[in-house]
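Everything below concerns the one structure shown next.
No lab work stands behind these numbers, since they all come straight from the coordinates. These numbers come from a predicted model, not from an experiment. Glycine gets a Cβ as well: all are built from the backbone with ideal geometry, and neighbour counts include every protein chain shown.
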Amino acid sequence: MPASKAKKNRILTGIQPSGDMQLGNYLGAVKNWAKNQDIQTNFIPVVDLHTITVKQDPQELKKQTFSLVAMLFACGIDPEKSTVFIQSHIQAHTVLAWILSCTTPIGWLERMIQYKEKSHNQERVSAGLLTYPILMAADILIYDADEVPVGEDQKQHVELTRDIAERFNNLYGETFVLPKAIMPEVGAKLMGLDNPLIKMSKSHAHVRGHAIRMLDDSKEIERSIKRAVTDSYNEIRFSNDKERAGVNNLLGIYQVITGKTVKEVEDDFKDARGYGDLKSRVAGVVISEVEPVQKRYYDLLNDPAELRRLIQKGDNSAKQYAEPKLADVLKKIGLDRDGN
Ligand code: AQP
């Protein structure tokens with residue numbers, strides 16, 4: 001088949017409205033989704049139903065959800081090429097999740113590492129925390145996604161999705177595509193500025209000083225990077241040494257943004273005067289990277305009618321895939337409305 005006619009891979013990749021998008025979400029994920037949108041078919045749900053497994057302030061959740069959609073477009077996701085939609089607007093996801101929960105053994109869920117970690121030492125654990133990988137499976141399977149880009153922590157959930165799909169296919173006949181987890185390139189994982197041994201996260205309890213948020217102004221970015229944990233070696237080079245993880249992280253951020261090789265990055269800093277200089281140069285490239293994104297974000301946020309239109313467009317496009325798929329599933333299990 002000529003390359004131009006080859007079927008594009010279908011990618012499902014969600015993002016939670018659990019806080020302001022941080023630089024790790026952008027450099028490690030969203031920027032790549034935008035880069036690849038001509039060669040793959042992207043489905044990008046803002047997974048608000050996943051976010052409520054942990055208690056959220058309702059007004060804040062609503063604000064974060066709409067803000068995140070605007071941020072995705074500001075980051076270069078093109079509404080003409082990718083389907084961005086709000087998970088809770090497509091009710092077929094939750095219906096399918098219920099159906100799949102009836103064919104999924106509870107032991108499969110209890111084995112999930114993330115469930116064990118998140119429920120550990122908690123007095124009350126919601127059923128949603130246990131069953132949310134089934135909702136994630138529904139999110140993926142309802143679009144016949146071929147690939148799901150995930151970090152190490154979510155790989156097990158994609159494997160579970162394959163098991164869930166396989167079991168359903170065995171019980172009711174070929175229905176679901178078995179999706180593959182794909183891991184992002186090494187180096188695209190940003191670590192916390194305050195603790196470079198943990199991943200940078202938007203919902204971190206003390207997000208200031210921990211993460212660079214996409215909406216931080218230049219002063220805030222400079223301040224956060226200036227305070228970033230480093231070491232006493234005063235040597236600017238990449239290293240796998242845990243003690244040097246802070247400097248490694250700053251160099252990694254510089255590298256992902258500039259697209260340079262390890263050697264080119266280290267050469268750039270040959271003349272640097274210590275970590276102070278490293279930090280101000282890293283802050284400089286970060287600011288140049290996020291400023292145009294911020295401008296596009298505020299332009300869109302100041303045009304709520306356009307934002308609503310884009311959300312409606314994404315929702316409608318997602319429904320065109322999700323609803324017929326759910327209808328097929330309902331038919332297979334004997335819940336369709338056809339009396340014959
Ligand atoms: N630090 C990171 N470095 C590289 N990639 C990252 N991603 C998240 N943090 C980093 C990637 O961003 C995408 C969307 O993530 P998500 O919002 O669905 O959930 P997450 O991975 O749990 O991201 P956060 O910021 O850490 O959110 P909270 O604090 O709510 O848990 C994913 O592709 C993820 O790999």
Given K189/K219; K81/K202; K202/K331; K118/K219, which pairs have Cα atoms separated by over 29 Å? K202/K331; K118/K219
State the Cα centre-to-centre distance between the stretch 148-184 and the stretch 6-46 in whole Å. 18 Å
Helix 58-74 versus the longest principal axis of the chain: what is the Cα-based angle in degrees, 0 to 90, to the nearest 10? 70 degrees
With θ set to phi - 60°, apply the Karplus curve 6.51 cos²θ - 1.76 cosθ + 1.60 along the stretch 159-172 and write out the HN-Hα couplings as whole Hz, x wherever there is a Gly or Pro. 5, 4, 4, 4, 4, 4, 5, 4, 5, 4, 4, 5, 6, 10
Between helix 92-101 and the chain: long-axis angle, C-alpha atoms, 0 to 90°, nearest 10: 80 degrees
In the neighborhood of Q114, defined by Cβ-to-Cβ distances under 15 Å, what is the net charge if each Lys or Arg adds +1 and each Asp or Glu adds -1? 0
Backbone HN-Hα couplings from phi across the stretch 299-308 [Karplus 6.51/-1.76/1.60, Hz, Gly and Pro as x]: 4, 6, 5, 7, 10, x, 5, 5, 5, 4
Round to a whole angstrom and tell me the spacing of the C-alpha centers of the stretch 287-327 and the stretch 187-258. 29 Å
Under the Karplus relation 6.51 cos²θ - 1.76 cosθ + 1.60, θ = phi - 60°, what is the ordered set of whole-Hz ³J(HN,Hα) values for the stretch 8-24, x standing for Gly and Pro? 6, 5, 9, 10, 10, 8, x, 9, 8, x, 9, x, 5, 4, 10, 4, x
Regarding the chain, what are the three Cα extents along the principal axes, ordered largest first, in Å? 79, 49, 45
For the chain, modelled as a GNM with alpha-carbon contacts under 10 angstrom, which of E159, E323, E123 fluctuates the most? E123
Let me have the relative contact order for the stretch 190-299, percent, based on Cα pairs under 8 Å that are six or more residues apart. 26 percent
For the stretch 149-206, what's the relative contact order in percent, using C-alpha pairs closer than 8 Å and at least 6 residues apart? 30 percent
Given charges at beta-carbon only (K, R positive; D, E negative), |dipole| of the chain in Debye: 140 debye
Can you give the helix-only mean residue ellipticity at 222 nm for the chain, where every DSSP H stretch with n ≥ 4 adds -39500 (n - 2.57) and the sum goes over all residues, rounded to the nearest 500 deg cm²/dmol? -16000 deg cm²/dmol
Within the stretch 233-340, report the GluC sites (Glu not before Pro) that DSSP leaves as loop and that have at most 13 other Cβ atoms within 10 Å. E235
One quarter of the convex hull surface, Cα atoms only: what value does that give for the stretch 190-299 in nm²? 6.8 nm²
Build a GNM of the chain with springs between Cα atoms under 10 Å: which of S317, S232, S288 gets the top mean-square fluctuation? S232
Can you list residues whose amide H is under 5 Å from N9's amide H, if they're 5+ apart or on another chain and H is modeled 1.01 Å from N? T41
Which residue, chosen from V285, S232, Q59, occupies the Cα position most advanced towards the positive end of the dipole of the chain, where the dipole is computed from +1 (Lys, Arg) and -1 (Asp, Glu) charges on Cβ about the Cα centre? Q59
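Give me the dipole magnitude in Debye, nearest 20, for the stretch 190-299 about the Cα centre, with unit charges on the beta carbon: positive for Lys and Arg, negative for Asp and Glu.
280 debye
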Name the residues whose placed amide hydrogens come within less than 5 Å of the amide hydrogen of K180, ignoring near sequence neighbours (fewer than 5 apart) on the same chain. E147, V148
Dipole of the stretch 120-215, positive end: most advanced residue of L171, A127, M183 [Cβ charges, Cα centre]: A127
No solvent, one uniform scatterer per C-alpha: report log10 I(q)/I(0) for the stretch 103-223 via the Debye equation at q = 0.10, 0.11, 0.22 1/Å, two decimals. -0.44, -0.52, -1.23
Contact order normalised by residue count of the chain, Cα under 8 Å, 6+ apart, percent: 21 percent
Of R124, R227, R111, which has the largest mean-square fluctuation in a 10 Å C-alpha GNM of the chain? R124
